[in-house]
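See structure below.
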Amino acid sequence: MNDLQQFDYLKHVTGGLDRSAVLDELMREYGKDVWNFAFFLTRQRELADDIAQDVFVKVYERLYDFRGQSSVKTWLLAITRNKARDALRSSWLRKVTLLPVWFDREMHPSAERETMDKLDMEEVWSIVLELPRKLREALLLNSHYGLSMKEAAELLGVSEGTVKSRLHRARAAVNRKWAKETAACGEEEWV
């Protein structure tokens, strides 16, 4: 069941629905997506935790205002994006430098290929996280979260052409950086 079918009833919600039950359902379905998007935008685990919590508090407070003008996923990611932008603009965050913890570096010694694949994936995500925010957002919304160009454009408040352009530039930048890094190691190019 897709997002629109599963949560279609939210378009018709009024004061009689148990908001806590709906919130639990939304958190189970989209909690990981909200946290991951917050992390990809901020590059800070603790801040992503705070943002995800703030997102679902806002959803709880504004649940009766949802009218289905976008999918629930798009609505949640838009709130996440706004909360992340607010957090990154805060004066406290600009004054305090937090050391990023990029990834858990667990190695699975059971298979060399599994280890190599994991390292490659970490490297790709590291490259994605280095992209400028506008390019990173477009890439994540389209490739990771599966939003259409139209949905991403609405969420970002730009035209579909701008999303396509940012997506093209993001992919090109990732491929260039990957090719440069793998050439230094004598590996094959990632496409």
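The values are calculated or read from the model by the stated rules, or taken from the named source; none is laboratory data. The model shown is predicted, which means the values in this text are computed figures rather than measured ones. All Cβ positions, glycine included, derive from the backbone under ideal geometry; neighbour counts span all protein chains shown. Accessible surface is based on the protein model in full, side chains and every heavy atom, while ligands, DNA and RNA are left aside. Shrake-Rupley method; radii C 1.70, N 1.55, O 1.52, S 1.80 Å.
Listed values, structure above:
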{"quantity": "Region 21-77, accessible surface, carbon-and-sulfur percent (1.4 angstrom probe)", "calculated": "42"}
{"quantity": "Length released on extending from Arg176 to Gln69, taking residue separation times 0.36 nm less the Cα-Cα span", "calculated": "34.8 nm"}
{"quantity": "Cross-link pairs beyond the 20 Å C-alpha cut-off, checked among Lys73/Lys177; Lys134/Lys164; Lys134/Lys177; Lys73/Lys150", "calculated": "Lys73/Lys177"}
{"quantity": "Area accessible to solvent at Met121, 1.4 Å probe radius, in Å²", "calculated": "110"}
{"quantity": "Accessible solvent surface per residue of region 28-67, calculated while the other protein chains remain in place, 1.4 angstrom probe, Å²", "calculated": "52"}
{"quantity": "In Å², nearest 10: area of Glu122 left accessible to a 1.4 Å probe", "calculated": "20"}
{"quantity": "Cα-projected label distance for Glu130 with Asn36, points at 7 Å along beta-carbon direction, nm", "calculated": "2.3"}
